[in-house]
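Let me begin by presenting the structure, written as structure tokens, before commenting on it.
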Amino acid sequence: MISCHNCHLVCHISPLNNPSAMACPRCGSRIHRRKPNSISRTWALVITALILYIPANVLPISISTTMGNSHEDTIISGVIYFIESGSWPIGLIIFTASIFVPVLKILVLIYLLISVQKKSSRRPLDKTRLYRMVEAVGRWSMVDIFVITIIAALIKLGVLVDFKTGPAAVYFGAVVVVTIFAAMSFDPRLIWDNIKEYHE
Amino acid sequence: MKKKIIIACHECDLLHRIESLPEGSTALCRRCHAVLLSHKKDSLNRSLALNITALILFFISNAYPLIEIKTEGICRATTLMGGVRNLYDQGFWEIALLVLFTAILFPGFEILSRLYLLLPLKFYKKPWHMSLIIKFIQKIKPWGMMDVFMLGILVSVIKLVKMVSVIPGPSLYSFFALIFVVTGAASAMDFHSIWEKA
């Protein structure tokens, strides 16, 4: 029996059929036991995210000009600036969304991938919870991108202040998109495949 | 839901037999506590109402300026789309597209496709290409980020207040209301009962 990914109908599959070419009788989606190539796909995306994360942090994310002085900010220097200038709540939001969440996401996915590959059967419930958290929290990394969108649209071509988007924004946006895809391609059921039996 | 159904948990694949699920209750997986099914109260009417409200608020939110600032004697206002246009003009078309899709298009498509499903069902008809639309809704769901955008607005207002005077635009209020309505509209949907009905 295989459960359909799209409409969650449990389909009865006889072993004679070729399982790779099967469609759900209710919604017509292709069905498979687990997400295809889940582990290698997730690895590829996680590594891509790690590589993209470097330029995202090294390059400036915003360039602001005040009274003729041009000032470039990276993600980290922006956070430090906010904490030092007293608006630590914003500093904390940006730190959580732009640094803590992406790093946490990448590390948790690597941990889950390794533990699935080692066929570990320890604490599957906690691992599933960890996966759910990663899936839910990832989108909030977009906050910084949205902030830049709004501020850059409002403050432009002024005589005294000017605000421009920096090249890191592209890389950072890519990190967010790639990590969301990575979380999607990981199949949490792999965590449970190593548990032989379940007793109430 | 009187029929007996068999369902596999979509997070750990444990099979469950659900005898009956009273209205307003939710079935959780015994092993990993994921939500298996939830039988929502009056799902069709509630989600229809919330989605229509969401559609109206969505138009208001996109038609009027979000924030207005005053500096050096000039006023400048921006709509959501204006922010996207500005990124595009600066040459950051990748981010412009990302913002366009996550903050405007996907949330809009999601509301429209939910209405596309719900309206015919209300009149006891099966919507055309129903399974395709349901698949589409589930595909784009993780990419609608209006709630994140709202936080982005709040952070930028706090940032801007230090430099210039900020006036909230009309669509800021409707955007704020939209976040709650859209969240309600999404959670009122009951795909299981849609599959059963059709």
Next on the checklist: With the condition being farther than 30 Å from A:Arg132 by Cβ, I'd like the strands (runs of 3 or more DSSP E) fully within the stretch B:1-81 carrying at least 1 qualifying residues.
Outcome noted: B:67-71, B:74-78
Next on the checklist: Where the second residue is part of a loop (DSSP other than H, G, I, E, B) and the first is at positive phi and lies in the stretch A:110-128, which pairs have Cβ atoms under 9 Å and are six or more apart or on separate chains?
Outcome noted: A:Lys119/A:Asn194
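Got a sec? Which helices (runs of 4 or more DSSP H) wholly within the stretch B:103-169 have at least 1 residues that are aliphatic (A, V, I, L, M) and farther than 22 Å from B:Lys197 by Cα?
Values: elements: B:106-122, B:130-140, B:146-161.
Filter on the stretch B:103-169 gives B:130-140, B:146-161.
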Next on the checklist: Within the stretch B:138-147, take every residue that is of a type in the set (A, V, I, L, M) and buried (at least 19 other Cβ atoms within 10 Å of the Cβ) and give me the one that is farthest from the other protein chains (Cβ to nearest Cβ).
Outcome noted: B:Met146
Checklist entry - How many residues does the stretch B:148-166 hold that are touching a Lys or Arg at 6+ places or on another chain (Cβ under 6 Å) and facing another protein chain (nearest Cβ under 7 Å)? => result 1
Item to check | Test set (1) closer than 25 Å to B:Ala63 by Cβ; (2) in contact (Cβ under 8 Å) with a residue 60 or more places away in the chain; (3) in contact with a helix residue (DSSP H, G or I) (Cβ under 6 Å, 6 or more places away or on another chain) - B:Gly169 fails condition number | outcome: (3)
Item to check | Failed item in (1) surrounded by 15 or more Cβ atoms within 10 Å (Cβ to Cβ); (2) over 24 Å from the mean Cα position of the chain (by Cα), with B:Gly73 passing the rest | outcome: (1)
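If I go through the stretch B:123-132 residue by residue, how many of them are crowded, with 17+ Cβ neighbours inside 10 Å and either touching a residue at least 40 places away in the same chain (Cβ under 8 Å) or more than 8 Å from chain A (Cβ to nearest Cβ) (or both)? Full working, then the answer.
Step one: filter the stretch B:123-132 for residues crowded, with 17+ Cβ neighbours inside 10 Å, giving B:127, B:130-131.
From what's left, either touching a residue at least 40 places away in the same chain (Cβ under 8 Å) or more than 8 Å from chain A (Cβ to nearest Cβ) (or both): B:127, B:130.
Total satisfying the criteria: 2.
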Checklist outcome for this item: Scanning the stretch A:129-166 residue by residue, those assigned to a loop (DSSP other than H, G, I, E, B), in contact (Cβ under 8 Å) with a residue 24 or more places away in the chain and facing another protein chain (nearest Cβ under 7 Å) turn out to be A:Leu160
Item to check | Only listed residue being touching a strand residue (DSSP E or B) at 6+ places or on another chain (Cβ under 6 Å) and more than 30 Å from B:Ser193 (Cα to Cα), chosen from B:Glu68, B:Glu94, B:Glu23 | outcome: B:Glu68
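Only the coordinates and a few stated rules stand behind these numbers; no lab work does. Because the structure is a prediction, the values reported are computed rather than measured. Methodologically, a virtual Cβ is constructed for each residue, glycine included, from the backbone with ideal geometry; neighbour enumeration extends over all protein chains shown.
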